[in-house]
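Read through the structure below, which is laid out as structure tokens, and then see the notes.
The values are calculated or read from the model by the stated rules, or taken from the named source; none is laboratory data. All of these numbers come straight from a predicted model, not from anything done at the bench. Heads up, the Cβs are rebuilt from the backbone with ideal geometry, glycines too, and the neighbour counts pull from every protein chain shown. Keep in mind that these areas ignore ligands, DNA and RNA; they rest on the heavy atoms of the full protein, side chains included. Shrake-Rupley method; radii C 1.70, N 1.55, O 1.52, S 1.80 Å.
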Amino acid sequence: MKHLTAINRKAKRVEEYIAVNEEEDDVFALQQGPPQQRPHYPVGCSLVFSPGWEVDVTGGTAGLCQPVERDLYDCYISCYWPAQVPDHLNNYPDWTSKCANATKDWRKIDLVFP
Amino acid sequence: MQITKALVAVVFSLVLFFCWANVSVQPQAQGAGQAAKAGDDGLPVNNALVVQKCASCHKKDDKGRLTRISYERLSPEGWQQAIKRMVRLNGLSLTPEDARAIVKYLGTYHGLAPEEAKPAMYYAEHRLQEETVPDESVRTACTVCHTYGRIISQRRNKEEWDLLVNMHVGYFPVVEFQGFRRFPPPPDAPPPPPGTDTRHPADRAVEYLSKNFPLQTPEWSAWSANMRAPKLAGRWLLSGYQIGRGRVYGEVIIEPTGVEDEFTTKTKIQYLKDGATITRNGRSIVYAGYSWRGRSFNDKGKTADANAAVTTTTDAAELREVMFVSRDWSQIEGRWFWGDYEEFGLDVSLRRVSSEPLVISANQQALKIPATASATESLTLYGANFPADLRAEDIDFGAGVKVKRIANASANAVTVELEIASTAPVGKRDIALRRSFAPGAITLYDKVDYIKINPDNALARLGGVRFPKGYQQFEAIAWQRGADNKPQTADDLNLGPIDVEWSIDEFPSTYDDDDKNYIGTLSPTGFFTPSVEGPNPKRKFERNNYGEVWVVATHKAKDAAPNAKPLTARAYFVVTVPLYVKWDQPEVGR
């Protein structure tokens, strides 16, 4: 099979991601064992507005981040909701380059149209 | 969304493990068709441009099939989305003209049969709809990020469904933990009972999808043999409905262009309730012989009220049309929509005008049966080719309704005076004008039993600073219970919109819940305008203005006794955060 540059680019970003993140204390959390509960998403919520990012497991907003901008980077970096928030890994490596702290600088991020 | 940092880290490392442990998760351009066993069911690509642009990565075999491409059948939006990814991530470059021609070829000759497309039309139409996902694995693995509609507007062989899963894992590794894989049981857990299906949800989803949405189907063999460019040029009557604005009536002139499956349109419509008239010019492509994608423009090139932040009528500068052409080219149905979240829309139905009389709608949706004696009502019917010698007895509403006289008549509209007997049976009536029928166009009722809010479950999005606001229009509909005398059952009669007072009640989801003070405003006409996005320093923890509430409608009948209980209804309503990325394929209608 022919090797495709896109994939190599992607692989490279995965490596970059680990390199960057290995320094952060996030990784220590690994030693605390397997997750206690499954990630939080709205089981059964499937109106055609893309569900998941916008409501919590009860179908409301009480469980969203307060404010939601605090959560934006986790979503972006880990591409947790790539259908709602741009993903860092492949499609939008520079999405937040103008915005160091989303809670303060959220006015500097763009709506994107893949 | 409450995902802790620790969890992200765990998830991430495990994902990386999976990515490296399993090389096949890398998205592949080759894949399907490589394996001889899966080989013979692909569709040859008989289009030089597609081969020229795609075959460098998607190899062509001796039967003219391209890897991947020949083993999928997709809606126009499906092809558009895949091709945009080829450009965005895989290094393809295409001019917009070539992209359009390729989507048109693939959306037609590697598309869906009408029977296959119909259940998924709501997705292309951007309709607010509650989905039912019959398969549990598909629901948990596949509908946490996007809709089921996206999935069921595709057909693939088994290998292609597998490769689609790999595509997700390759580009969005965390997907493994959002439902693609089961978490391993704790080490001390008892072994599952024998016969337990221990496969991962994604693998089970693939099995379901390849069985229910395969590449080769009897519907597609039949349709692809019969498919042709539709001949739609001519005059069409439109009847439509918009939430909050009511019924619409009008005319669409469809004209041919030099290309057989592309058309231009001239539309003139009127809102029956407030009389507003709108004219528009449009352009469209019909894919696969039936699948209309178009857009239209108002003649001013902007909204009629340039100062309005949002237009709630069809005079939007540009609106998109997604419609389904009937097999005999006599009807076209679908949705015209606009708004940053496609939240505004008109449900439309077009009927072709021939040389025969055609009646399609009336200016009222329901008529009340009097309690005693009989009542006189005036009703206007709309249509085309109404004969000059039309007589009262040419128009028929069924038992208990007599056409007393024709008050006013033209070729396109006739006003009749009706006598409704107190003994007239309750129910939906077809209107017949000579041999033309408007099925169920009018309902006879004697009582409003209850009201319901439409939509009864809705979502708006904060915005207005950096991201657009997502609005929501509500309306209240009057209902009469049907013959079973039970409310909220299938035999109930929709009597159309009813005037109500609107208010918002808290939906208590936290202690001291006060969302209702922040989310936005609901107008006296049921139009909700959300507040701005961004952290709100006035709220605890700088919470955004999001929240969930009940929208409440209250109707007091004019003739009701002073102490009579008003009719009320409520709708669950979430006002939430913006979307930061918009996966949408408006190009298919350009």
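Odds and ends about this structure:
- Total residues in segment A:92-111 satisfying the condition of being facing another protein chain (nearest Cβ under 7 Å), open to solvent by 20 Å² or more (accessible area, probe 1.4 Å) and of a type outside the set (D, E, K, R): the figure is 2.
- Just one of the listed residues (B:A113, B:A141) is over 15 Å from B:L215 (Cα atoms), more than 11 Å from chain A (Cβ to nearest Cβ), over 16 Å from the mean Cα position of the chain (by Cα) and open to solvent by less than 10 Å² (accessible area, probe 1.4 Å), namely B:A141.
- Subset tally (residues that are closer than 22 Å to B:L579 by Cβ, assigned to a strand (DSSP E or B) and either away from every other protein chain (no Cβ under 14 Å) or open to solvent by 40 Å² or more (accessible area, probe 1.4 Å) (or both)) for segment B:523-550: 3
- Filter result for the condition that a residue is touching a Phe, Trp or Tyr at 6+ places or on another chain (Cβ under 9 Å), within 7 Å of chain B (Cβ to nearest Cβ) and part of a helix (DSSP H, G or I), over A:D87, A:D74: A:D74
- Residue ID - farthest from the chain's Cα centre (by Cα), chosen from residues in segment B:501-515 that are more than 11 Å from every other protein chain (Cβ to nearest Cβ) and open to solvent by less than 60 Å² (accessible area, probe 1.4 Å): B:D514
Residue by residue, here is whether (1) in contact (Cβ under 8 Å) with a residue 40 or more places away in the chain; (2) within 30 Å of B:E130 (Cα to Cα); (3) open to solvent by less than 20 Å² (accessible area, probe 1.4 Å); (4) of a type in the set (F, W, Y) holds:
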site	(1), (2), (3), (4)
B:L390	yes, no, no, no
B:S422	yes, no, no, no
B:I431	yes, no, yes, no
B:G440	no, yes, no, no
B:V448	yes, yes, no, no
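- Segment B:81-109, residues that are in contact (Cβ under 8 Å) with a residue 24 or more places away in the chain, of a type in the set (V, I, T) and under 15 Å from B:Q585 (Cβ atoms): B:I102, B:V103
- There is no residue in segment B:91-108 that is touching an Asp or Glu at 6+ places or on another chain (Cβ under 6 Å), crowded, with 20+ Cβ neighbours inside 10 Å, more than 14 Å from chain A (Cβ to nearest Cβ) and more than 27 Å from A:Q84 (Cβ to Cβ).
Residue-by-condition table, conditions (1) modelled with pLDDT of 95 or more; (2) buried (at least 16 other Cβ atoms within 10 Å of the Cβ); (3) not assigned by TED's automatic domain parsing to the domain that holds B:F527:
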| site | (1), (2), (3) |
| --- | --- |
| B:P455 | no, yes, no |
| B:A460 | no, yes, no |
| B:R466 | no, yes, no |
| B:Q473 | yes, yes, no |
| B:N485 | no, no, no |
| B:A490 | no, no, no |
| B:I498 | yes, yes, no |
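- In segment B:240-249, the condition of being more than 21 Å from the chain's Cα centre (by Cα), part of a strand (DSSP E or B) and assigned by TED's automatic domain parsing to the domain that holds B:L346 is met by no residue.
- Segment B:73-90, subset among the hydrophobic types (A, V, I, L, M, F, W, C), in a helix (DSSP H, G or I) and open to solvent by less than 40 Å² (accessible area, probe 1.4 Å), residue farthest from B:E115 (Cα to Cα): B:L89
- Tally, over segment B:257-267, of residues that are without any contact (Cβ under 8 Å) to a residue 24 or more places away in the chain and surrounded by 14 or more Cβ atoms within 10 Å (Cβ to Cβ): 2
- Among the candidates B:D347, B:D315, the residue that is of a type outside the set (K, R) and assigned to a loop (DSSP other than H, G, I, E, B) is uniquely B:D315.
- For segment B:173-197, a tally of residues being surrounded by 10 or more Cβ atoms within 10 Å (Cβ to Cβ) and of a type in the set (S, T, N, Q) returns 1.
- Residue in segment B:560-571 that is under 19 Å from B:R461 (Cα atoms), under 26 Å from the mean Cα position of the chain (by Cα) and open to solvent by less than 50 Å² (accessible area, probe 1.4 Å) present: yes
- Candidate set from segment B:54-71 (those that are outside any helix (DSSP H, G or I) and within 24 Å of A:N90 (Cα to Cα)); member that is nearest to the other protein chains (Cβ to nearest Cβ): B:C57
- Restricting segment B:367-385 to residues that are in contact (Cβ under 8 Å) with a residue 60 or more places away in the chain and surrounded by fewer than 19 Cβ atoms within 10 Å (Cβ to Cβ), the residue that is nearest to B:D274 (Cα to Cα): B:K368
- Of all residues in segment B:152-172 being at pLDDT 95 or above and in a loop (DSSP other than H, G, I, E, B), the one that is surrounded by the fewest Cβ atoms within 10 Å (Cβ to Cβ): B:N157
- So B:Y341, is it among the aromatic types (F, W, Y), open to solvent by 10 Å² or more (accessible area, probe 1.4 Å), touching a residue at least 60 places away in the same chain (Cβ under 8 Å) and within 30 Å of B:I254 (Cβ to Cβ): yes
- Number of positions in segment B:428-479 that are over 27 Å from the mean Cα position of the chain (by Cα), farther than 30 Å from B:A388 by Cβ and not aromatic (F, W, Y): 5
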